[in-house]
1. Taking θ as phi - 60°, what are the ³J(HN,Hα) couplings along the stretch 116-130 by the Karplus curve (6.51, -1.76, 1.60), each to the nearest whole Hz, with x for Gly and Pro?
2. Provide the descending list of Cα extents for the stretch 123-193 along its principal axes, expressed in whole angstroms.
3. Which cross-chain or sequence-distant (5 or more) residues have an amide H under 5 Å from the amide H of Glu156, H modelled 1.01 Å from N in plane?
4. Could you check the simple spin-label distance between Glu87 and Ala114, using points 7 Å along Cα→Cβ, in nm with one decimal?
5. Modelling each spin label as a point 7 Å along the Cα-to-Cβ direction, I'd like the Arg54/Glu152 distance in nm, to one decimal.
6. For Cys146, Cys42, write out the residues from largest to smallest accessible area, computed with a 1.4 angstrom probe and no ligands counted.
7. Could you pull the Cα extents of the stretch 87-174 along its three principal axes, largest to smallest, in whole Å?
8. Leaving ligands and nucleic acids out of the surface, order Glu165, Glu50, Glu32 by accessible area at 1.4 Å, largest first.
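The values are calculated or read from the model by the stated rules, or taken from the named source; none is laboratory data. Values in this document were obtained by computation on a predicted structure and should not be read as measured data. Please note: Cβ atoms are built from the backbone with ideal geometry, for glycine as well, and neighbour counts cover all protein chains shown. Side chains are part of the model used for accessible areas, which takes the heavy atoms of the whole protein and leaves out ligands, DNA and RNA. Shrake-Rupley method; radii C 1.70, N 1.55, O 1.52, S 1.80 Å.
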Amino acid sequence: MTIPSYWPRASYTLRAIIRHSSGWMLDESRREDDAQHAWHACITAMVLEEYAARPVDIGHVIQMLLVHDLVEIDAGDTYAYDEKGYETKPQREQAAAKRIYGILPGEQGQKLCALWEEFEAGETDDAKFANAVDRVQPFWGNFSVCGRVWKENGIEAAQVIRRNEVTKEIMPKVWDTVYEQIQQAVENGWLKG
């Protein structure tokens with residue numbers, strides 16, 4: 001077996017993509033990168049699995065969470081509340097997916113691309129759960145550093161609610177906690193009311 005020469009470099013590239021949405025590490029020394037986000041999201045999924053409203057295949061969810069941001073190697077990280085950036089995000093990420101997943105041999109590239117497409121579509125219970133985790137993990141990161149990224153960007157509670165509403169359907173008990181924390185963030189002045 002020969003490991004493709006491009007793969008080690010591609011996997012390390014995720015460490016160079018600094019995330020805007022996740023914000024700061026808990027010690028506030030630096031921002032989280034895409035590789036750290038993927039790991040944090042996978043651990044969060046494992047912990048939250050018991051709160052899923054319907055059964056999910058956690059192995060499948062973890063696969064989606066591991067590959068969903070590979071497109072950011074080319075497309076970059078679009079800040080969760082960047083409305084202008086979201087106008088071109090689908091086109092940028094689709095082109096990135098075609099190139100990145102196209103590098104991999106046949107079925108392997110197709111499998112990873114299918115995982116990314118399922119995550120993006122957000123229609124299956126596994127994809128809904130993965131998307132909810134992908135949103136709640138950065139939410140809790142921001143909450144843990146007193147809303148630093150929200151304050152830096154003047155984010156409103158309504159924006160955070162819209163971004164995290166996918167959690168309501170697939171993890172209602174988690175949503176209740178997130179909603180309470182959003183209200184607390186407003187009271188603390190971390191989010192605009």
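1. Whole-Hz 3J(HN,Hα) from phi for the stretch 116-130: 4, 5, 5, 4, 4, 5, x, 9, 7, 4, 4, 5, 4, 5, 4.
2. 35, 18, 18
3. Lys192
4. In this crude spin-label approximation the distance works out to 3.6 nm.
5. So the label points at Arg54 and Glu152 sit 3.7 nm apart.
6. Cys146, Cys42
7. Sorted largest first, the three principal extents are 45, 29, 22 Å.
8. Final ranking, largest accessible area leading: Glu50, Glu165, Glu32.
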